[in-house]
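Read the structure below first, then the notes.
The numbers here are math on the coordinates, done by the rules we state, and not lab data. Computed from a predicted model, the values in this text were never measured in an experiment. Quick reminder, even Gly has a Cβ in these numbers, built from the backbone with ideal geometry, and neighbours come from all protein chains shown.
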Amino acid sequence: MLFIKQKSPILFNMTKTLNNDIKSIVQRQRLDTLDRGVFNAVAREATQRLVDVLDSSLVKAILGPRRSGKSTLALLALRNKRFGYINLEDELIPSAIDGDELVAAIDAVYGDVDYYLFDEIQNLERWEQFINRIHRQRKNIIITGSNSKLLSDELASALTGRHIAIQLLPLSYKELSDAKELQPNLDFERYLVQGGFPDVVLHNENYRNYLRSLWDSVVLKDILKRYRVKNLAGLNGVLSLMIGSMGSRFSARSLERALNGLVSIASIQKFIYYARQAYLAFDLPCFSLKAKLRNKADRKAYLIDNGFYSAMRVGASKDWSKYLENLVFIELLRRGFEPGLDLFYYLTASGYEVDFLLRRGHTNIELVQVSWDLSSQKTLQREVRSLIQASKELNLKSLTVITRALEREISSDGLVIRVVPIEKWLTQDVGSNRIGPNY
C-alpha cells in the first residue's frame, strides 16, 4: 500500500529519462534539420487535395507504400504552417510509449502549434485509441501509414466518419511529365521498367539494389513483425511466385503445387493478404455477380511498382506486355479503383480474357484491354474478339485497348473500340480525381 501511495524515486527517474529521450528524438527530427530538398520535390496531384482539407476538423490520413513520398506530401502542404512532427519509424522510440508523452515532447520542442504530424503511425501500439483521444481534444492531426489496413479497417473502426483518407502511390508518369524542370529527359520506357519510387526516379539511385532493399524492408517491418510470421521461407516463396506471375492468372492451389506443398493453402492465402496490406502485391479477382464463383476463380497478380518486377525477378529479358499491363493496373489504383470492389478482370463464356473491367457501384462502365503491339493481325483479332464477346455478355459498349504507340478506332460488329497509346492515356487531362473521361 505504501508503494502505491508514494512515488518510487527509481520509477520517477526512469519516466523523466524516457521523456527526455523522446524530446531529444523530436528535436533531432525537427524540420529545420531535415533535408530542405523536400521543397524542391515533384508536385504531387494529392498535394492540393490535402491543402484543401488541411483546416478540416477531421483527421487527415495519408496512406501508401513505404518511400512513396507520404512525408514529403504532408510537409509540402504544411509549408509556412506552425506544426509539430515526429517520425515513429525511429528505432529509438519504443512502440509501447504512451501517446501523451509524444504530444508533450512535441509541444516542448515546437511550442504552440496548429497541426500535429505523426509519420508512420502504425509503429505506435494502440495508435487508434491515442489518435481518437487527442482528436477529441480538438487537435488538428495528420497521420501517415504504410499499411492499407489502416484505410479499410483500423481507421474506419477508430474514427468512424471522422477522417479523410488520401492514398499516395509512387510517382505517376503524369506527375513526372508535369515536372519537366526536374525531369527534362524523361524516358517513358525507363520509367516503365524502373518504376516511380521518388528515390529511383529523381535521385538516380541504383534501382535494383534500392528496390531489393526496400522490398526486404517492407517484408521485415510490415509483414514479418506486424503479423508475427514464423515461416519466412514459405513467405518468400509465395512472394517470389507472385512476382513471377505478374499480369498472369494463378490460384492458391497452383502456388501450393509450385512450392511442393511446403506451404498450406491457408497460409498462402494469408501471405497474399499480408502482401496486399503492405502495398507490395495485389490479387485481382475475376468478375462474376456470384460471390462463390468469384472466390473459386483464378486471380491475376500485380505489383505496386514495375521496378519491383525488374529488381526481384529472375531472368534478364523484358516482357513489355507485362510491364505495360502492370502499369495500367497501378494507374487504375491511382484513379480510385479498388480490386474486388470496382476493378476486376473478365473471362467470357468461351474463355477469352479481358484484362480489366471497371465498375462504379453496380454499373459496368468500361472494358480495358492492354496490348503492347497490335501490328500482328493475329494479335489484333485476339484482342478485338475478347472485347466484342465480353461487350455482348455484359451489354457494355465502352471499349478500350491501350497500346505502346498505336492510336485509332476499330469498328466491329456495330461496336467501336478506342485504341489509345499509353503515354496519352496516362497524361490525359482527367481532372483532380484522375478519373478518365470514359468513367
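In the chain, the DSSP beta bridges split such that about 40 percent are antiparallel, to the nearest 5. Given their separation in residues at 0.36 nm each and the Cα-Cα distance between them, N231 and E407 gain 58.5 nm when the chain is fully extended.
Of the trypsin sites (Lys or Arg not before Pro) found in the stretch 43-102, those in coil by DSSP whose Cβ has at most 16 other Cβ atoms within 10 Å are R79, K81, R82. Taking a 25 Å limit on the Cα-Cα distance, which of the listed pairs K60/K180; K221/K270; K139/K270; K270/K296; K70/K174 fall beyond it? Too far apart for the 25 Å limit: K60/K180; K139/K270. For I97, nonlocal amide neighbours, meaning residues 5 or more places apart or on other chains whose placed amide H falls under 5 Å from its own, are E125. A Cβ-based charge dipole, computed about the Cα centre of the stretch 173-288 with Lys and Arg at +1 and Asp and Glu at -1, lands at about 720 debye.
Taking 0.36 nm per residue of sequence separation and removing the Cα-Cα distance, the E423/K290 pair yields an extension gain of 44.3 nm.
With an 8 Å Cα cut-off and a minimum separation of 6 or more residues, compute the relative contact order for the chain in percent. Reported relative contact order: 12 percent.
Charge dipole (Cα centre; +1 on Lys/Arg Cβ, -1 on Asp/Glu Cβ; no other charges) of the stretch 320-439 amounts to roughly 60 debye. Under 5 Å between amide hydrogens, built in the peptide plane, is the criterion, and for F197 it picks out L171 among residues at least 5 positions away or on other chains. Cross-link partners among aspartates and glutamates for K392, C-alpha distance below 15 Å, same-chain residues fewer than 8 apart left out? Qualifying aspartates and glutamates at Cα under 15 Å: E353, E366, E383, D413.
Each Cα pair under 8 Å and six or more residues apart adds its sequence gap; the mean of these over the residue count of the stretch 320-439 is a relative contact order of 22 percent.
Under 5 Å from the amide H of I365 lie the amide H atoms of L358, R359, R360, each residue being 5 or more positions distant or on a separate chain, with H modelled from the backbone and absent for Pro and chain starts.
For the chain, the longest principal axis of the Cα atoms and the long axis of helix 9-28 meet at an angle of about 50 degrees. If a/c stays under 1.5 just call it rounded; otherwise compare a/b with b/c (prolate if a/b is bigger, oblate if not). Do that for the chain, with a ≥ b ≥ c from the square roots of the Cα gyration tensor eigenvalues. The shape class here is prolate.
Note that the stretch 257-262 has calculated 3J(HN,Hα) couplings of 5, 5, 8, 6, x, 6 Hz, one per residue in order, obtained from phi through the Karplus relation 6.51 cos²θ - 1.76 cosθ + 1.60 (θ = phi - 60°); glycine and proline are x.
Evaluated on the stretch 320-439, the Kirkwood hydrodynamic radius is 14.4 Å, with distances taken between all distinct Cα atoms.
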